[in-house]
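Bear in mind these aren't lab numbers, they're just calculated from the coordinates by the rules spelled out. Remember, it's a predicted structure, so these values are computed and weren't measured experimentally. Positions of Cβ are backbone-derived with ideal geometry, glycine not excepted, and every protein chain shown enters the neighbour counts.
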Amino acid sequence: MYPGRKTAADTTRKLVRRFYDQFWNSRNYGAAERIVGPHAIIRGTLGTTADGPRGLERYAEQFSGAFRDLRMEIQEVIVDRDRAAARIAWTGTHVGEVLGCPPSGQQVRHECVALFRTAHGRIVEVTVHGDLHALREQLTAIGEPGRRHH
């Protein structure tokens, strides 16, 4: 490796961080054009699939509409050239129906893993895996007396 020379892994790591920091956490949905390829496929943790930057923007608006003050925290990123795996924890206030659960107004925390593939300086595929059963259980447990969420 040569000092100062960027590798494919460097580009991939930077794209993953921009995906969460600039797009999700800053709510800068216009950044999708610069981060995500025009034919990108995004498979979200809630079972939603989005195509390209516009599809990602619509998905993000829907998701952040269900969880006000949504915040994505990168806990770990592992990169191999044009591929990455990121362990993410997201939090937000449950204000919209999700997985058939009515809004509770309570804070939710969910951990998931996102798998990325990049090409030509953009993300071309994202697949997010999370425990939907645990999320649904948390959403339904919030309003029940005597039960606490984790």
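Counting beta carbons within 10 Å around each of V79, V95 and listing the fewest first gives the order V95, V79.
Fewest to most neighbouring Cβ within 10 Å: what's the order for S104, S26?
Ordered by Cβ neighbours within 10 Å, fewest first: S26, S104.
Checking every one of the chymotrypsin sites (Phe, Trp or Tyr not before Pro) in the stretch 65-138 against DSSP loop status and a limit of 15 other Cβ atoms within 10 Å picks out no site at all. Spin-label pair E97-T127: with each label point 7 Å from Cα along the Cα-Cβ axis, the two points sit 3.0 nm from one another. Please list log₁₀ I(q)/I(0) at q = 0.09, 0.13, 0.18 Å⁻¹ for the chain, using the Debye equation with identical point scatterers on the alpha-carbon positions. Log10 I(q)/I(0), no solvent term: -0.30, -0.59, -1.03.
Can you tell me the dipole magnitude for the chain around its Cα centre, using point charges on the Cβ only (Lys, Arg +1; Asp, Glu -1), in Debye to the nearest 20?
Approximately 480 debye in magnitude.
In plain terms, the chain from Q75 to R109 could stretch by 10.9 nm, reckoned as 0.36 nm per residue minus the Cα-Cα distance. Each stretch of four or more DSSP H residues adds -39500 (n - 2.57); spread over every residue of the chain, this sum gives -8000 deg cm²/dmol at 222 nm.
Put the Cα centre of the stretch 50-81 next to the Cα centre of the stretch 84-128 and the gap is 6 Å. Here the calculated FRET efficiency for E61 and N28, from their Cβ-Cβ distance with R0 = 22 Å, stands at 0.95, rounded to the nearest 0.05. The shape of the stretch 19-67 comes out oblate: with a ≥ b ≥ c from the C-alpha gyration tensor, a/c is at least 1.5 while a/b does not beat b/c.
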